[in-house]
Structure formats: C-alpha cells, structure tokens
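Notes follow the structure.
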Amino acid sequence: MTIAVSYQERFLSCLEPGDDPEFWKIAISTLFQDVVAELDACPTKRPVYAQLGACSHWLRPHQTRWKAAGGFAWPTGYGGSGFSRLGLPEFDWSILMVWDVGQRTWLPVDKFHEKRRFLFRAALPTRTKRHLQAAAHTVWVPGKPSQADQKSTMFYGFRKVNEQWTCVTHD
C-alpha cells in the first residue's frame with residue numbers, strides 16, 4: 001500500500017535543524033501562487049515542471065546587494081555562469097514536481113519525462129532560523145510560458161517581522 005505524501009511534507013522532511021519550516025511554507029506558497037497565476041494567464045500544452053530546493057553556498061562577491069525593499073544579499077550561486085552575478089544557485093537537495101492541469105495540483109516525480117517542457121526552478125536559502133531575511137532565486141527555462149523565447153530570472157525577498165515570514169518584494 002502506497003501512502004501519498006504532499007509536496008510540502010516532502011520539503012519539510014528534507015530540512016536541516018537550522019532551516020526554518022515556517023519560511024519554507026511561506027516561500028513555497030508564494031512562489032507557487034505566482035507560478036499558477038502564470039499558467040492560468042497563459043495555458044500551455046507543454047508539461048510544466050517545478051524544481052525547488054535548498055542552496056547553502058550563495059555567491060556574494062564584493063558585498064554585492066540586491067537593493068529592493070531595504071536590501072538583500074544578491075541571490076546567485078556558482079553554477080552555470082561560474083563566479084559571477086549571473087551564476088545559478090546549486091542545490092544541496094531539490095524536489096521535482098509536475099503540474100497536473102486536470103487536478104490543478106503539483107505531483108512529485110523522480111525525473112523529467114519530456115524534452116520539450118517548461119521548468120520553474122527555485123533555490124531557497126538554508127540556515128533561515130538564524131536570519132531575519134532571505135532571498136530566493138527563481139528562473140523559468142526556456143522562459144515563462146507567456147515569453148517562452150527568453151529566460152526569465154526573478155528574485156523574491158522575504159523578511160521575518162513579529163515572528164512571521166512575509167514576501168516583501170519580488171523583482
């Protein structure tokens with residue numbers, strides 16, 4: 001007998017002791033709200049995957065800052081473009097899901113099943129229990145369904161105020 005586990009429970013089971021589960025719940029909810037809004041605005045016949053995961057090694061050259069909403073460390077990593085502000089954050093671990101259009105839900109999968117697909121990739125920071133702010137890096141590959149010909153990177157900034165995490169900006 002197989003027991004279905006929600007994607008949120010899968011994420012929470014992967015967290016380390018220094019990761020704040022409340023941050024992850026708010027971040028995942030915020031990101032998926034925007035992804036579903038994009039899919040509702042521009043339906044596609046291609047499958048849509050989401051890969052969300054944790055990144056513990058962010059690039060921060062010369063104290064580079066993302067100045068939105070009071071400022072955050074620039075949320076990029078060491079992958080893809082190498083040691084630059086365009087580097088892709090590398091995952092310590094990630095969970096892959098596919099969007100089920102009929103049921104309007106995310107279903108966990110082990111691998112990609114189609115070559116022509118849309119991928120929403122999001123890297124969230126680790127060690128969020130000790131910080132009051134966090135920036136997430138997201139990218140659509142090959143681009144958003146509404147703009148499939150151009151890669152679209154977006155940052156999300158979260159702050160913890162009065163013990164509550166909230167998204168304060170995205171750009």
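Some observations on this one:
- Inter-residue pairs, beta-carbon under 9 Å, first more than 22 Å from GLN133 (Cβ to Cβ) and in segment 24-41, second in a helix (DSSP H, G or I), 6+ apart: GLU38/PRO145; GLU38/SER146; LEU39/PRO145; ALA41/PRO145; ALA41/SER146
- Residue list for segment 125-165, filter: in contact with a helix residue (DSSP H, G or I) (Cβ under 9 Å, 6 or more places away or on another chain), surrounded by 14 or more Cβ atoms within 10 Å (Cβ to Cβ) and among the charged types (D, E, K, R): LYS129, LYS144, ARG159, LYS160
- Flag for VAL109 being among the aliphatic types (A, V, I, L, M), in contact with a Pro (Cβ under 7 Å, 6 or more places away or on another chain) and touching a residue at least 12 places away in the same chain (Cβ under 8 Å): no
- Segment 110-124, subset hydrophobic (A, V, I, L, M, F, W, C) and in a strand (DSSP E or B), residue surrounded by the fewest Cβ atoms within 10 Å (Cβ to Cβ): LEU119
Here, each number is a calculation from the coordinates, and none is a lab measurement. Given the structure is predicted, the values throughout are model-derived calculations rather than measurements. Cβ: placed from backbone, ideal geometry, glycine included. Neighbour counts: every protein chain shown.
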